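Every number here is computed from the coordinates shown, using simple stated rules; none is lab data. Please read these numbers as outputs of a predicted model, since none were measured by experiment. Cβ atoms come from the backbone with ideal geometry, glycine included; neighbour counts cover every protein chain shown.
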Amino acid sequence: MENTKNIKQIIALLLVIAVFVVAGCLGLKNQNGPASVLVSIEPIKIGFVGPLTGDVAVWGQSGLAGAELATKEVNDMGGINGRKIELIIEDDNTSEGGSVNAVNKLINIDKVTALLLGGGSGATASVVPIAQSNKIPSMVTIASMPSITSVGDYIFRSTQSDSSQGKFAADFVFDTLDKKNISIIYVTNAWGAGVEGVFKKEYLAKGGKIIYENGVLETDIDLKGELFKVKNNGSDALYFPVYPANALAGFKQIKELGITIPVVSGDTIDGNDILKNPVAEGIIYTAPKIYSPEEFLRKINSLKGFETLQPNTAAPTSYDGAKILFSAIERAGTNDSSKIKEELMKTSYVGVSNPVMEFDKNREVRTPVFEAKIVKNGVVESYTE
């Protein structure tokens, strides 16, 4: 009887050990990608960094909404290879220092698999070297300064660069508007200098003449001196790529000074806080062309916390960037970041912000698509001659 009792105890102990072994195996990370038999219950951590407060918070909030929607859709379908996505969100406080602190935390403390960089050009330019040196696949979703992706092969961009927008704007002003003598007032930050530099080069190459050109700071709101020079110098158009604070003040002062020549701005003014203001009436601006906007807006507003958000172009470019990144991780697994990078280069995706999302050798969207818009009777519509 004693022997039988001992045998039963040994069998029970072996069963307990077996249960723990199986449980341990199920908790192991999936180190071998989608083909592995082991399935991790741990989430895949993705970092999001953007300006969620401050003067350009509408861009950070729009970008976050796009990333949240992409995350929700993938998680509702079961996640990536059985693992849910955990979006870890950081506010860069609209500063380079804030962005650096946020990215260092996400990489070194949170141990994220990849990054969604939803900040402006200056903030993003300050952190892509950190992502590159740590071999963290990163998707730039808003910043458009051309040099950002040149930092290294782990940096991709789902929005169009200033090179594309500047060229489109130059072609539009010279060819569509048929304006051959213009003035330029631009914001002297990373975005403004980037888009203005490309515009100027392309416009002059086409045979256009720049009568007057000067830069302003992001915080400058008294632009009457600059605008008065434009009014009296014979310009037949004003190229005005500025930031939101400059734009609201500048549009008001343009009307006060009685300036009636066409004013063409950039995608930084693409938000209801500016476009719904009466001072924006008649303003033209360039921006990435967005597809299926009504359906996409409905989905964004279905998210908790974003019910009343009127998203700008940051939402669809962030959504597409997140979906592309998640797809690459699904194919590559999470063990080797170089494999994620390789899968990103193979991307061919039908996006909301672009119908053909593929990357060229510089990890930029291969076929950028822009359009010109105009504010008429308080409504934004596509510009038509």
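Summary table
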{"quantity": "Between helix 57-76 and the chain: long-axis angle, C-alpha atoms, 0 to 90°, nearest 10", "calculated": "30"}
{"quantity": "DSSP loop trypsin sites (Lys or Arg not before Pro) with at most 13 other Cβ within 10 Å: longest gap in the chain", "calculated": "1-110"}
{"quantity": "Pairs beyond 31 Å (Cα-Cα), from K206/K299; K180/K361; K72/K339; K84/K339; K206/K376; K200/K361", "calculated": "K206/K299; K180/K361"}
{"quantity": "Rounded to 10°, Cα long-axis angle of helix 190-205 versus longest principal axis of the chain", "calculated": "50"}
{"quantity": "FRET efficiency, 1/(1 + (r/R0)^6) with R0 41 Å, evaluated for N181 and K361 via beta carbons", "calculated": "0.65"}
{"quantity": "Gain upon complete extension [K45, A57; 0.36 nm per residue less C-alpha separation]", "calculated": "2.0 nm"}
{"quantity": "Mean separation of Cα contacts under 8 Å, 6 or more apart, over the residue count of segment 316-385: relative contact order %", "calculated": "19"}
{"quantity": "Acute angle (nearest 10 degrees) that the helix 2-27 long axis makes with the longest principal axis of the chain, alpha-carbon atoms", "calculated": "10"}
{"quantity": "Inter-label distance, nm, simple model (7 Å from Cα along the C-beta direction), R331/N301", "calculated": "3.5"}
{"quantity": "Sites D222 and K72 - FRET efficiency at Förster radius 51 Å, r taken between beta-carbons, to 0.05", "calculated": "0.70"}
{"quantity": "Separation in nanometres of the label points that stand 7 Å from Cα toward Cβ, at K346 and Q310", "calculated": "4.3"}
{"quantity": "Potential lengthening between V380 and N272 on full extension [0.36 nm per residue; Cα-Cα distance subtracted]", "calculated": "37.9 nm"}
